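First up is the structure itself, then whatever we jot down about it.
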Amino acid sequence: MLFSTRIKKYYESRQIYECLHEDNPAIYLLFGLCNELAASAAIEQGSMILEDLRKGILHEFMDYNTKEVTNYDNYVRTGKMKHDMADLAKDGETIGNLLYRLFEPVWNLTTNDLNNRIDEKTQDLIGLIMDIDSAMHESAPAIFEANFFKLMNRIDWTETEWQYQKEKNSHCLTMEWLQEKQEQVLQKVLLMNIMDYADEPSTKFVEKVDYPFHRGHLSCNFQDDKDYKTAYAKFMHYATRVEGLIILDYKNYGKYIALHLYKFRPEQKRALFELVYILNLIHNDMLEYKPELAKYLAPKGDGSLEGTRYNAIFINMVKLFKQDWFKDYRSDKKYDLEWIKGFMTDLLKSKYRDEIADDWYRPNKALSVKGYIIGCLIEAGVIVGSKLAIASAVVNGEIKGNSFAIYFTRGKEMDYCDWICDYVRG
């Protein structure tokens, strides 16, 4: 094996180890042993190459990024291997004892026996894979909806969210901008041919879909064609549009992904889920302008508030507590924005969530609900100070502070006030 190849494989194996989440500790131990063998072999080969190089003998051109593979931090990263090896060593067992304990069922087999055992298990595995494939095809679409977000959230979306927030902050945020962004996000993934494996739409369906609405929110310089219009029509087999919102049918969209995922390129696989993630970010921002849209957004099915009528309340309350007044009047620094997010999430999952939501969505009642919740937090000791001063800081001159302060007092009368006080104490 070329030294360059050996180094890259060793480097990649350390990256792969970071992604291991096996239940069987034998995987970690064998990975560690293989890494030790690989590193030893690479050192032996590299020492010979260096010695010959100094003698004027060149064995190969080094096909790796020296800066990357000589950065020790790239190998240890999160310290996962160190942690796992320490965990395996906690009972003081030697590697030999560990290997025997973990591999006792096959310890006395010959290598021929082991090969036969592997062959049998391979045949069993092939049969199992075929059964899973059949079950996937036969599964009701509801299964894919119920598990969609759990599977999607296995992907790290930190960079995606950061890019979205960066773009959002560089524009004057309006409902029109969010509408255009929604259509542009869809445009981007449609141009990646993610609908290639969907059924061809009928002429009648192509004429029925709201393509002019979609096209009207794209750049005036975008050159569409028949293929793009067809891709849009295919996509709309898995979505509906209500008051400008793109509402995905996660049952059938999820099944489409499940049955064809292996056919897609890596960037397409990510795009299929990234579309959903960014649409959710956009929809959350849209709710700040039109909270009533929440009724059209289906729950995620993962217990989160997103896609429920409670999400707009959460977003608006967090936005309220982001303001400077909260830092000025909170009783302790531990009551930071993360605490507020957890508190509001738990409150809006409590038995009082419908009482709060019913009040919130009554005409001109959202402001009073904000006051009630702040009043409960004053009662619980999270916020301290003069109620009039707090009210004036919260409304910042938009209305009279004394009018808003009245809601603080009424907050004590709400059924959920005791719940909030217990929450803070607990």
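Observations, loosely collected:
Results for (1) modelled with pLDDT under 90; (2) in contact with a His (Cβ under 6 Å, 6 or more places away or on another chain); (3) under 23 Å from residue 32 (Cα atoms), shown as yes or no for each residue.
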position: 45; (1), (2), (3): no, no, yes
position: 70; (1), (2), (3): no, no, yes
position: 78; (1), (2), (3): yes, no, yes
position: 86; (1), (2), (3): no, no, yes
position: 93; (1), (2), (3): no, no, yes
position: 112; (1), (2), (3): no, no, no
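- Among residues of the stretch 388-404 being modelled with pLDDT under 90 and farther than 21 Å from residue 337 by Cα, the one that is surrounded by the most Cβ atoms within 10 Å (Cβ to Cβ) is 404.
- Listed conditions (1) part of a helix (DSSP H, G or I); (2) loosely packed, with under 14 Cβ neighbours inside 10 Å; (3) within 37 Å of the chain's Cα centre (by Cα) are all met by residue 415, apart from (1).
- Residue in the stretch 368-379 that is part of a loop (DSSP other than H, G, I, E, B), within 21 Å of residue 322 (Cα to Cα) and either at pLDDT below 90 or of a type in the set (Phe, Trp, Tyr) (or both) present: no
- Summed over the stretch 152-173, residues that are in contact (Cβ under 8 Å) with a residue 24 or more places away in the chain and not in a helix (DSSP H, G or I) total 4.
- Residue match in the stretch 103-114 (condition: over 30 Å from residue 239 (Cα atoms) and in contact (Cβ under 8 Å) with a residue 60 or more places away in the chain): yes
- When 122, 94, 174, 111 are checked against the criterion of being among the β-branched types (Val, Ile, Thr) and within 30 Å of residue 245 (Cβ to Cβ), 174 stands alone in meeting it.
- Pairs where the first residue, in the stretch 205-233, is closer than 15 Å to residue 185 by Cα and in the same structural domain as residue 177 (by TED's automatic domain parsing) and the second is among the acidic types (Asp, Glu) and at pLDDT 95 or above, C-beta under 6 Å, 6+ apart: 214/183; 217/180; 217/183; 218/183
- The set of residues in the stretch 81-96 being under 21 Å from residue 42 (Cβ atoms) and among the charged types (D, E, K, R) consists of 82 alone.
- Residue 198, sole failed condition from (1) farther than 23 Å from residue 253 by Cβ; (2) in a loop (DSSP other than H, G, I, E, B); (3) touching a His at 6+ places or on another chain (Cβ under 7 Å): (1)
- Test: residue in the stretch 218-232 that is aromatic (Phe, Trp, Tyr), part of a helix (DSSP H, G or I), surrounded by fewer than 15 Cβ atoms within 10 Å (Cβ to Cβ) and out of contact with any Cys (no Cβ under 7 Å at 6 or more places or on another chain): no
- Flag if residue 186 is in contact with a helix residue (DSSP H, G or I) (Cβ under 9 Å, 6 or more places away or on another chain), within 18 Å of residue 283 (Cα to Cα), not in a helix (DSSP H, G or I) and not assigned by TED's automatic domain parsing to the domain that holds residue 19: no
- Screening the stretch 285-308 for residues that are at pLDDT below 80 and assigned to a helix (DSSP H, G or I) and picking the one that is farthest from residue 347 (Cα to Cα) gives 296.
- Tally, over the stretch 309-348, of residues that are among the basic types (Lys, Arg), part of a helix (DSSP H, G or I) and modelled with pLDDT of 90 or more: 2
- Enumeration of residues in the stretch 11-52 that are assigned to a helix (DSSP H, G or I) and among the acidic types (Asp, Glu): 12, 36, 44, 51, 52
The values are calculated or read from the model by the stated rules, or taken from the named source; none is laboratory data. Bear in mind that the values here come from a model prediction, so they are computed numbers and not experimental data. Every residue, glycine as well, gets a Cβ built from its backbone with ideal geometry; the counts of neighbours run over all protein chains shown.
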